[in-house]
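Structure, as structure tokens:
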Amino acid sequence: MSKNAKLLKIIRDHAGEEPVKLGLILGSGLGHLAGAVEGVAIPYSELPGFPHAGVSGHNPNLVIGTLEGVRVAVFGGRAHYYERGKPDEMRIPLEVLCELGADTVIATNAAGSLRPDMPTGSIMALTDHINFSGLNPLIGEPSDKRFVPMMDAYEPELREKLLFAAAYEEVSLHQGIYAWYSGPSFETPAEIRAIRTLGADAVGMSTVPEVILARFLGLRAAAISTITNMAAGMSDEAISHEHTKAMAPLGAAKLEKVLRRFLRDF
Ligand code: HPA
């Protein structure tokens, strides 16, 4: 029996047996997308092992239902490493996603931009990442499966489909490299200059551990950032969590258009 059997039973009691095709993880200020799903919302508090998602701007529910005709599981909030110092906080939710039948996960996040041509309100498909935190959600995993290859971790075919959906909707979808910084303090301007030199286009406090876990579990992965600010030292714009939440809706409308179109053809 799966170690998540209890969780799966609770979820199926709410949402029925129909398998899920795709998981969607919603970042800061993007929680409203969960409301677009026709289905049931299960509070994380009813799901043992799910994160408490104590960050404001997140919506701690697992929503299972249909979006643009596709059976999806939407994680309205994620746990971040900086909450409890555990990089594998999203392992159980992602295991459950696999066990519900999904083979694909799309992570979304709010991020700071390191590129002047990618201002606040832009959206960016991740082509790759830099694990600037040095942490890893697979530390302690005993099986040899832990040696996960990370070539094409952000699957090119999925990204092509997202780019196609964006072009169809006449939404500009940038592409770039995301650097994971542990948070919760924001970066210093010197750190931003350093990661820009290393090749990053955007910076944020999530997504990388989830994509490592997704690849470990055999899920196909894609990720999209919504740019909520220019990174530290790049402009005079304020940087704060309040600002992140206030600016997320600018990119969220674009993101929703792209995701809906992507799902219609999924
Ligand atoms: N840095 C890290 N995380 C973020 C930022 C940022 O500038 N903006 C939104 N999330």
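Assorted remarks:
- Within region 180-221, restricting attention to residues that are over 17 Å from P93 (Cβ atoms) and among the acidic types (D, E), the residue that is nearest to the ligand (Cβ to nearest atom) is E187.
- P119 fulfils the conditions (1) away from the ligand (no atom under 16 Å from the Cβ); (2) open to solvent by 40 Å² or more (accessible area, probe 1.4 Å); (3) part of a loop (DSSP other than H, G, I, E, B) except for a single criterion, (1).
- For region 133-163, a residue qualifies if it is open to solvent by less than 80 Å² (accessible area, probe 1.4 Å) and of a type in the set (A, V, I, L, M, F, W, C), and the qualifying residues are L135, L138, V148, M150, A153, L158, L162, L163.
- Inter-residue pairs, beta-carbon under 7 Å, first under 16 Å from P119 (Cα atoms) and in region 240-266, second open to solvent by less than 40 Å² (accessible area, probe 1.4 Å) and of a type in the set (D, E, K, R), 6+ apart: none
- Region 153-179 - residue that is closer than 14 Å to F262 by Cα, touching a residue at least 24 places away in the same chain (Cβ under 8 Å) and aliphatic (A, V, I, L, M) and, of those, nearest to the ligand (Cβ to nearest atom): L173
- Residue check, I10 under 16 Å from the mean Cα position of the chain (by Cα), touching a residue at least 24 places away in the same chain (Cβ under 8 Å) and surrounded by fewer than 20 Cβ atoms within 10 Å (Cβ to Cβ): no
- Among the residues of this structure, I224 counts as one that is at pLDDT 95 or above, assigned to a strand (DSSP E or B) and either within 15 Å of A125 (Cβ to Cβ) or more than 11 Å from the ligand (Cβ to nearest atom) (or both).
- Boolean, G77 is surrounded by fewer than 21 Cβ atoms within 10 Å (Cβ to Cβ), farther than 18 Å from F262 by Cβ and modelled with pLDDT under 95: no
- Positions within region 13-52 being assigned to a helix (DSSP H, G or I) and free of Cβ contacts under 8 Å to residues at least 40 places away in the same chain, in sequence order: D13, G35, Y44, S45, E46
- I25 being more than 23 Å from A222 (Cβ to Cβ) and open to solvent by less than 60 Å² (accessible area, probe 1.4 Å): no
The values are calculated or read from the model by the stated rules, or taken from the named source; none is laboratory data. None of the values given here were measured: they were computed from a predicted structure. Because the Cβ atoms are built from the backbone with ideal geometry, glycine has one as well, and the counts that use them run over all protein chains shown. For accessibility, only protein heavy atoms count, side chains too; no ligands or nucleic acids. Shrake-Rupley method; radii C 1.70, N 1.55, O 1.52, S 1.80 Å.
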